[in-house]
Amino acid sequence: METEPTNTPSLKSPRARFAEQMAPISFQELQKHFAKGILIKVSDKMDLLDVAVAIHKDATEQVQDWMENGSLERAHDEHAKDWIARRSMLMAVTVAPWVLVQDIKQDVEMRN
């Protein structure tokens with residue numbers, strides 16, 4: 001006899017769930033989110049998962065501090081132009097309603 005799935009919350013921590021959901025994606029695939037104004041650029045000096053958890057937990061003061069010091073910012077036209085020009089791949093994770101993105105560091109520069 002099969003049982004119906006229940007709506008029980010996941011036993012995984014928010015950080016573990018975000019880690020599973022985080023993935024690389026091209027900016028081209030994120031343009032609709034950019035157009036909606038829900039793309040948040042995370043500084044490469046920040047841990048993307050730490051930011052996701054803070055937003056998930058509604059750590060308003062911490063998030064506000066990051067916004068004020070430039071560690072987090074709503075993606076704007078200059079970011080978009082740069083990402084398009086570089087054909088950037090970004091690491092992304094969704095913390096509804098936001099999509100957090102961070103540049104993927106290129107350890108090896110490709111040469112002709």
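The values are calculated or read from the model by the stated rules, or taken from the named source; none is laboratory data. What you see is a predicted model; the values in this text were computed from it and never measured. The protein model used for the area step is the full one, side chains on, heavy atoms only, and it has no ligands, DNA or RNA in it. Shrake-Rupley method; radii C 1.70, N 1.55, O 1.52, S 1.80 Å.
So, taking all protein chains as they sit and a 1.4 Å probe, how much accessible area belongs to LYS81, in Å² rounded to tens?
Here the accessible area works out near 130 Å².
Taking the full set of protein chains and a 1.4 angstrom probe, give the accessible area of GLU68 in square angstrom, rounded to the nearest 10.
Probe radius 1.4 Å; accessible area of GLU68 about 130 Å².
5 Å is the cut-off here: which amide hydrogens, built 1.01 Å from N in the peptide plane, fall below it relative to SER26, excluding neighbours closer than 5 in sequence?
Amide H neighbours of SER26, under 5 Å, 5+ apart: LEU90.
Where the convex hull is taken over the Cα atoms of segment 25-82, what is its projected area averaged over directions, in nm²?
Taking a quarter of the hull surface, the average projection is 4.3 nm².
Filter the cross-link list LYS45/LYS105; LYS32/LYS81; LYS12/LYS57; LYS32/LYS57 down to pairs whose alpha-carbon distance in this structure exceeds 19 Å.
Values: LYS45/LYS105 11 Å; LYS32/LYS81 15 Å; LYS12/LYS57 15 Å; LYS32/LYS57 26 Å.
Flagged as over cut-off: LYS32/LYS57.
Collect residues whose amide H, placed 1.01 Å from N in the peptide plane, falls under 5 Å from the amide H of ILE104; neighbours closer than 5 in sequence don't count.
Distant-sequence amide H within range of ILE104: MET89, MET91.
Report, by chain and number, residues whose modeled amide H sits under 5 Å from the one on ILE40, excluding near sequence neighbours (fewer than 5 apart, same chain).
So ILE40 has HN proximity to ALA75, VAL99, LEU100, VAL101.
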